[in-house]
Amino acid sequence: MDTVARVPRHVAIVMDGNGRWAKKRLMPRFFGHKQGVDALVRTVEACADRGIEYLTVFAFSSENWKRPTEEVSGLMSLVLVAVSKYLAKLAGEGVRIRIVGDRSQVSDKVRAAWDEAERTTAGNRRITLSVAFNYGGRWDIVQACQQAIAAGVPAHELDEAKLGSYMAMNFAPDPDLFIRTGGEVRISNFLLWQVAYSELVFSDCLWPEFGTVQLDAALADYASRDRRFGRVNSADVATEAGA
């Protein structure tokens, strides 16, 4: 099998383990999130170098509002710091930035920073970085249904393709590869609609430590798999026929 030719077009990542990374070093959780941003920038660059067209990361879920107020406030501040520190660098490297999620609950400053990031990078095409912030897979499906109803789509016309056109990630193909770091083995309400046929890879690596070694291991795992999408493998059919 030609593993080089089997680079996923779209990779989705749950960036888990920032808090535990900081705790192991006797530091506040915020420092873990800060290191997590650096790991994200490294991963964007590595994905672009490997020919991956889309990278979508889970930065803040709908459920994360339940975390301590100090941590949530720190994460919101980190958005502003990250845009200020890395926007020019990513824009210069051909990265297009998209924000997906419910923007209604964040501050005007955060929304303005997102708008600036999207506007500045709108013409870039090397890789699209989608940051899921205040996002949940169930929320996405509900809001897509609400949009379809508001648009007056008749029930008999609402099929998978039509509903998919109202999803928050309607500008990108479904993820080929789903990676979760931090040792947890679950999807956690991330891209529920879109990962129906994604290949899943779970890593014990805490997100701030994620680098090219871990990325390449996940890509190699992906390349070794036989993606059938519900179809029967032709080699299996041939084997059974000759039995």
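Rule-based calculations on the coordinates, nothing more; no lab input. Keep in mind it's a predicted model, so treat the numbers as computed, not measured. Counting neighbours? That spans all protein chains shown, and the Cβs are built from the backbone with ideal geometry, glycine included.
Only one entry of Ala113, Ala46 meets the criterion of being in contact (Cβ under 8 Å) with a residue 24 or more places away in the chain, more than 21 Å from Arg180 (Cβ to Cβ) and surrounded by 16 or more Cβ atoms within 10 Å (Cβ to Cβ), and that entry is Ala113.
Within segment 75-97, the only residue that satisfies the criterion of being surrounded by 18 or more Cβ atoms within 10 Å (Cβ to Cβ) and small (Gly, Ala, Ser) is Ala82.
If you filter segment 126-171 down to residues that are among the aromatic types (Phe, Trp, Tyr) and surrounded by 20 or more Cβ atoms within 10 Å (Cβ to Cβ), you find that the one that is farthest from the chain's Cα centre (by Cα) is Tyr166.
Screening Val100 against (1) surrounded by fewer than 20 Cβ atoms within 10 Å (Cβ to Cβ); (2) β-branched (Val, Ile, Thr); (3) within 26 Å of Pro8 (Cα to Cα) leaves a single unmet condition, (1).
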